[in-house]
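Please treat every number below as a calculation from the coordinates, not as lab data. These figures come from a predicted structure and were not determined experimentally. Cβ sites come from the backbone with ideal geometry, for glycine too, and all protein chains shown count toward neighbours.
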Amino acid sequence: MRIGIPKETFPGERRVATTPEVAEKIMKLGFEVAVESGAGDAANFSDDAFREASVAVVENAADLWAGSDIVLKVRAPSLAEVELMKEGGCLISFIWPAQNPELMDRLAATGGTVLAMDSVPRISRAQKLDALSSMANIAGYRAVIEAAHHFGRFFCGQVTAAGKVPPAKVFVIGAGVAGLAAIGAASGLGAIVRATDTRPEVKDQVKSMGAEFVEVDYQEEGTGVGGYAKVMSEGYQKAQAEMIARQAMDVDVIITTALIPGKPAPKLITAGMVKSMKPGSVIVDMAAEQGGNCELTVPGEVVVRHDVTIIGYTDLPSRLARQSSTLYATNLLHLLEELCPQKDGTIVVDMEDEVIRGTTVIKDGTITWPPPPPKIS
Ligand code: NAD
């Protein structure tokens, strides 16, 4: 079978779904691999680098899609791209089926099979395919780099001949994959890091990363369905708001990542809290795409309000395109290894396999989403 990788068409997207090095490994599974010319340019993988890895370079998107039995993508395809898909073909990509019902119907009409990287069950066996985690890890790191870039001081404390510099204080709200990566990056730069989360089980992980865990003075279990966060009671929200208000006055940087699956992002940082922060402070709102954790966030933009810089970028992994392409391509390679156990260049979509069943959102033209509930391990 031939695997094709088109150039991403979403405005500003710099990632690509494979790299020359990973393509060579895909070929060892028995597949042919082709990329659209320029597909890797924005991630610093040139057409020549792909050619050197024996990958075919196809001049335009229409020929690439028409000649591919399996298409690998990063962003969900546009409806125009679905028109290019081979009848009965296979697509592996981020899809977000709940948010994209029309796309799902159009994809099903091709009679093909679609595996959604956002639907990989979050169980131990599937960790190597977990693109949500690999991208969240990069986003958390990049959030700290963006904060450091906009912050007018060092993150680390220093004693110099020109004076003593205190370390920056960083507060991370939501210590999932992205939050823990942000804690690691901020600690690495020498900041004093604190973090909070509604799920009590992350407390030890926060401490093990060298950060202080900040408790909310209210007794409530924050773990909901599938191990994810739930919407908290009014009493908890009030107590949490008081805690965040105290932190806002004290810290220099807030990185906020709080999300609840299927719900808008909880509003945790009010305009008043922003106003209470020190001049020159920075907020990175990693929940911007889902509406933001801060009332003043503008998704996709950097704004300054009350002398505080609020970063609402929604493309943090794409801002580290070479790294994120490499990790995403490796997640896809691991999925192909599961789909092609015989290494004979063909795929078997085994709906009895928990991981493949969960990931497959359309099978031979039939919508199979939602998958069975994930078992978090
Ligand atoms: P996420 O991106 O959905 O949410 C980010 C964090 O925000 C979470 O830690 C959440 O608890 C927290 N949060 C939500 N509302 C909040 C609030 N009001 N205040 C403070 N914090 C709040 O999270 P994620 O990184 O995708 O991970 C979520 C779950 O998935 C966890 O249970 C994690 O262990 C699990 N997971 C499992 C695997 C695996 O393969 N086993 C891999 C990754 C994640």
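Please report the relative contact order for the stretch 214-256, taking Cα pairs under 8 Å with a sequence separation of at least 6, and give it as a percent rounded to a whole number.
Relative contact order comes out at 35 percent.
Taking only the C-alpha atoms of the chain, Rg followed by Dmax gives 22.1, 70 Å.
For I362, the residues 5 or more places off, or on other chains, whose built amide H falls under 5 Å of its own are V114, T368. Once the Cα atoms of helix 234-250 and of the chain are each reduced to a long axis, what angle between those two axes, in degrees from 0 to 90 to the nearest 10, is obtained? The answer is roughly 70 degrees.
Cross-linked pairs K203/K278; K207/K278; K164/K278; K169/K230; K128/K207: Cα-Cα separations exceed 22 Å for K203/K278; K207/K278; K169/K230; K128/K207. In the chain, the longest principal axis of the Cα atoms and the axis of helix 177-188 are about 60 degrees apart. The angle between the Cα long axis of helix 131-150 and the longest principal axis of the Cα atoms of the chain comes to about 40 degrees, rounded to the nearest 10.
Applying 1/(1 + (r/R0)^6) with R0 = 25 Å to the Cβ-Cβ distance of D217 and K275, what FRET efficiency is obtained, to the nearest 0.05? Mind showing how you got there, number by number?
Details: r = 23 Å, r/R0 = 0.94.
Computed FRET efficiency for D217 and K275: 0.60.
Taking amide H positions as modeled 1.01 Å from N, with prolines and chain starts lacking one, the residues under 5 Å from G38 and 5 or more places away or on another chain are D47. Can you say what percent of the DSSP beta bridges in the stretch 46-185, counting only those with both residues inside, are antiparallel? Round to 5. Of those bridges, close to 30 percent are antiparallel. Here the stretch 266-362 carries DSSP beta bridges of which approximately 50% are antiparallel, counting only pairs with both residues inside. Amide H contacts for V33 (H built 1.01 Å from N in the peptide plane; partners 5 or more residues away or on another chain; cut-off under 5 Å): I3, A56.
Here the 3J(HN,Hα) profile of the stretch 86-101, calculated from phi with Karplus coefficients 6.51, -1.76 and 1.60 at θ = phi - 60°, is 5, 4, x, x, 10, 10, 10, 6, 5, 10, 6, x, 5, 8, 10, x Hz, Gly and Pro shown as x.
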